[in-house]
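Peer 1: Handing you a structure now.
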Amino acid sequence: MNKATRKTVIAGNWKMNMTPDAASAFMKELAPMVAGKDECDIVLCVPAVDIAAAVEAAKGTNIKIGAQNVHFKASGAYTGELSAEMLTAAGVKYVVIGHSERRQYFGETDQTVNLRTLAAVNAGLTAIVCVGETLEQRELGYTETLLKFQTKMALTNVTKDQLKNIIVAYEPVWAIGTGVTATADQADEGNGYVRAAIAEMFGADVAETVTVQYGGSMNDANAAELLSKVNVDGGLIGGASLKTDKFTAIVDAAQ
Ligand code: PGA
């Protein structure tokens, strides 16, 4: 972690888990466990129906609430979607964009990831933009090319100033929900490709200030080693964010 130039952010991604009641109960349990642990920002990205309960439960704590997607239009006939204004009005501060599950199952493309990213930062949300290669792409030797391409596409037309509200999460698709974690060196290398792409767009000095997370089976057992790498500025955590003790252990590893 290079705390001198960038923030460490530990973000949970609950995916399609937890009812509003379960979200409230989880938050009440978690809040005292992570209280005062201010060496990293702590975020939980929750299902849309849980936002109200989670925002309420997060009041007076050091936990911030995120959403899992945002539409790029301000309003209109887009059934099932949520605008950035709706999210900010509901108390949301962060939003996950371009998660590989959205790319794989819901037709998300590099273009729509870019549009959603712009909508988020224009509304003052912090975008957690996900990039990552499949196993096939890795085995063909395209990891660097792919990560740089996805990063540059996602950040097209983003200004230097808006970049302050962007986190990129490197999530190798083969490591998500599989229990297979990238080695710390693989995570560092992937995050390094992301940072190199940002440097090519915005300059090396600016790239040094951007938080680049690792995600993919990060847990209480491997977080400390992953977070010890210079390019790993935090984690985007799925499965292990559904258990208060495991999530707290990851927060502890970032202290
Ligand atoms: P996982 O999910 O930690 O369950 O692998 C990570 C993610 O998809 O963000």
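Peer 1: Let me check I've understood the local charge: for LEU226, count other residues with C-beta under 11 angstrom from its C-beta, Lys and Arg +1, Asp and Glu -1. What total comes out? It would help to have the intermediate numbers written out before the result.
Peer 2: Working: positive: LYS229; negative: ASP185, ASP188, GLU225, ASP233.
After counting each charged neighbour, the total is -3.
Peer 1: Now for a separate question. Looking only at Cα atoms, what is the convex hull volume of segment 105-223 per residue, in Å³? If you can, show how the numbers build up before the last one.
Peer 2: On the way: hull volume 13.3 nm³, N = 119.
Convex hull of Cα atoms, per residue: 112 Å³.
Peer 1: Could you state the number of Å between the C-alpha centres of segment 57-122 and segment 126-142?
Peer 2: Using only Cα atoms to place each centre, the spacing works out to 20 Å.
Peer 1: Sorted by average packing, counted as other Cβ atoms within 10 angstrom per residue and highest first, what order do 56-68, 228-240 take?
Peer 2: 228-240, 56-68
Peer 1: Once you've got the Cα coordinates, tell me which of LYS73/LYS148; LYS59/LYS160; LYS15/LYS93 are over 28 Å apart.
Peer 2: Those over the limit are LYS59/LYS160.
Peer 1: 222 nm [θ] for the chain, helices only, -39500 (n - 2.57) per DSSP H run of 4+, per residue, to 500?
Peer 2: -11500 deg cm²/dmol
Peer 1: Find the Cα radius of gyration of the chain, compare it with 2.2 N^0.38 Å by division, and give the number to two decimals.
Peer 2: 0.92
Peer 1: Between ASN62 and THR109, what is the label-point separation in nm under the 7 Å Cα-to-beta-carbon projection?
Peer 2: In this crude label model, THR109 to ASN62 measures out at 4.3 nm.
Peer 1: Where in the chain are the DSSP H helices whose alpha-carbon span along the long axis reaches 24 Å or more and whose Kyte-Doolittle mean is at least -0.5?
Peer 2: Going by DSSP H runs, the hits are 184-202.
Peer 1: Right, something else. Once the Cα gyration tensor of segment 14-63 is diagonalised, what are the square roots of 5 times its eigenvalues, in whole Å and ordered largest first, as equivalent ellipsoid semi-axes?
Peer 2: 19, 11, 9
Peer 1: Using amide H atoms built in the peptide plane, which far-off residues or other-chain residues are under 5 Å from THR8 H to H?
Peer 2: ASP41
Peer 1: Can you pull the three principal axis extents for the Cα set of segment 13-165, in Å, largest first?
Peer 2: Result, largest extent first: 45, 38, 32 Å.
Peer 1: Show me, for segment 5-11, the HN-Hα J-couplings you get by feeding each phi into the Karplus relation (A = 6.51, B = -1.76, C = 1.60, θ = phi - 60°), rounded to Hz, glycine and proline as x.
Peer 2: Using θ = phi - 60°, the values come out as 10, 8, 7, 8, 10, 9, 10 Hz.
Read the figures in this text as sums done on the coordinates, not as results from a lab. Since this is a predicted model, take the numbers as computed values, not measurements. As a convention, Cβ positions derive from the backbone with ideal geometry for all residues, glycine included, and neighbour counts pool all protein chains shown.
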